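Inspection log for the structure reproduced underneath, given as structure tokens.
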Amino acid sequence: EPGGPDTWWQRAVVYQIYPRSFADANGDGIGDLPGVISRLDYLAELGVDVVWLSPFYPSPQDDNGYDISNYTDVDPVFGTLADFDALVAEAHRRDLRVMIDVVVNHTSDEHPWFVEAMSGKDSAKRDWYIWRPARRGMTPGSPGAEPNNWGSAFGGSAWQYDEASGEYYLHIFSRKQPDLNWENPRVRAAVADMLRWWLARGVDGFRLDVVNFLSKVPGLPDGIVGSGSRFGDGAPFYTCGPRIHEYLNDLHDTVFGTAPTPLLTVGEMPGVTVDEAIRFTDPRSREVDMVFQFEHVGLDHGDHKFDPQELDLRELKASLGRWQTALAGVGWNSLYWNNHDQPRVVSRFGDDGKYRIESAKLLGTVLHLHRGTPYVYQGEEIGMTNAPFAGRADFRDIESINHYDEAIGAGVPESDVLTGLRAYGRDNARTPMQWDGGPGAGFTAGTPWIPVNPNHIEISVDQQRSDPDSVFHHYRALIALRHSEPVITTGTFRMLVPDHRSLYAFVRASEQTSLLVVANFSGENLELDLPEYAEHAAGELILRNYPDDTGTLLRPWESRVYRRR
Ligand code: TEU
Ligand code: CA
């Protein structure tokens, strides 16, 4: 049953660490594994159950480690395999499980497999990647001669021309991230071997990077060309492709299901639909335990990711409510606002000015009281905000830099480009963890690889650990509540007032207990007009983000949780 030994992850809270920006133990300005070890007591104090580590493997760092050149080692910049083993041991000593990031849709172009594949058309590893000749009738290497019209997620064509062989290789992401050919059984076997190697090192879970991209539609058909773009959208032809369930079921039966104790597996699935997610997460499918879906983090994008659009709370409630209803009793939801690819939620869906603390607590409350497994991204638990990027030189992320160059090149005014990048650039999530108000925010004694957010003076772990009313202690209370209140794991979910523009309210119920969650997503007072309010307010107010209870009056960014037995 939910939350039992085989489904322990249904009562768990996961904390995501982006090692590069979490804690730097050797003063080179880049976070590392010894730094993570030095902060495990903090995670135990927060109360989380699992630590998800973003990639720490050898990598040229073209996409900050999501371009892996050796799957079974640790990049020297992050430490050694001995450091990793120590991290696992120290985490396990604190009842913390360790989930690692698995990036097997693509490797780095510096991975030995790809280096061998590049050595020639008859290389034994050539077919480990996706090579195609120039479009029929076109001169190889000439503009428009790419095998199809797909664009890369990081700008330009999704095909890189290889002069030596006159062929192109596919890279959905950067040209230094060639896609593996999952049609090749030797690729699938090599990945399974690698995952079993990590299981033997004691890992407790896998986060599977863009795992729903592994199966491409044969023939790799052209995508639809969007307005103002030279490239077509290939996503329909590589998202949840024809063999994806077969590949994941194989991985489950030959790897995930062979673990000494039940693992946590989460598939990151851009573009996955609710119906597909039901099949992926239904335990009878024997694929993955849950998925990261992207509907709710696409609601405030206009024509593209960097085109800001006001969030309509009704759309957010409709989206999250749909996922709650659809997966109830058959699959399982992940619950997240933040990760290393998303802007800071308090700046995005809350108010990072006057009501930063209240809205950070409200957002945590709303998310953690849904049915599913919540993910806390480093710094979210202290209400860290987006950063004030002045210009192109402040960005580090290949996606942001390429977007800047492409947009400026297309004549978009710089102010518009910077507005979009400041709102949605992935670097917002990658500024150093703010441990204290000192010069390196307690992250590093050296020069950080990306500047510390100047607001670390007033937003830091040190400043909040001793303040019982801090965002940190609110997240601790949310995590403790999930561990102590079964209805949060197993209870039904009922969305209330779906058409209200600023009130987010829902009920979680079991035989014994009913919780009412109310949240005012606005800077104005709001009068509660809910039949469910009276019956729950007669119970107990178990969580709030204001010092007192003003009855049916909800103040700006006020959230409350009532419990009725
Ligand atoms: O992310 C895939 C993904 O969907 C995001 O990269 C998103 O598409 C991107 O932000 C553009 O909008 C995973 C990793 O989380 C990300 O960090 C990597 O860059 C990417 O895959 C390639 O490995
Ligand atoms: Ca370091």
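Points to keep in mind about this one:
- Projected onto its three principal axes, the C-alpha set of the chain covers 74, 56, 48 Å, listed from the longest axis down.
- For segment 101-156 versus segment 10-58, the inter-centroid distance based on Cα atoms is 34 Å.
- Of every Cα-Cα pair in segment 92-225, the percent that sits beyond 26 Å: 29 percent
- For the chain, the antiparallel share of DSSP beta bridges with both residues in that region comes to about 60%.
- Expressed as a fraction of 2.2 N^0.38 Å, the C-alpha radius of gyration for segment 485-565 is 1.03.
- Descending Cα extents along the principal axes, segment 156-308, whole Å: 52, 44, 25
- For segment 461-502, the normalised intensity computed at q = 0.26, 0.34, 0.35 Å⁻¹ comes to -0.83, -1.05, -1.08 (log10 of I(q)/I(0), Debye sum over alpha carbons, equal scatterers, no solvent).
- Value of [θ]222 nm, deg cm²/dmol, for the chain, DSSP H segments ≥ 4, -39500 (n - 2.57) each, nearest 500: -8000 deg cm²/dmol
- Taking a Cβ cut-off of under 13 Å around residue 340, the surrounding Lys, Arg, Asp and Glu residues balance to a net charge of -3, with basic ones at +1 and acidic ones at -1.
- Straight Cα distances below 20 angstrom link residue 317 to the lysines 361, with same-chain residues fewer than 8 positions distant left out.
- Charge sum, other residues only, whose C-beta stays under 13 Å from residue 109's C-beta, Lys/Arg counted +1 and Asp/Glu -1: -4
- Rounded to 5, the percent of DSSP beta bridges in segment 95-235 classed as antiparallel: 70 percent
- Highest mean packing first, where packing is the average number of other Cβ atoms within 10 Å per residue, the peptides 352-364, 323-335, 372-384 line up as 372-384, 352-364, 323-335.
- Proximal charge balance of residue 361 [Cβ under 11 Å; K/R count +1, D/E count -1]: -1
Any read-out appearing in this document is the output of simple, stated calculations on the displayed coordinates, not a laboratory observation. Remember, predicted model here, so these are calculated numbers, not experimental data. Note that we place each Cβ from the backbone using ideal geometry, even for glycine, and neighbour counts take in every protein chain shown.
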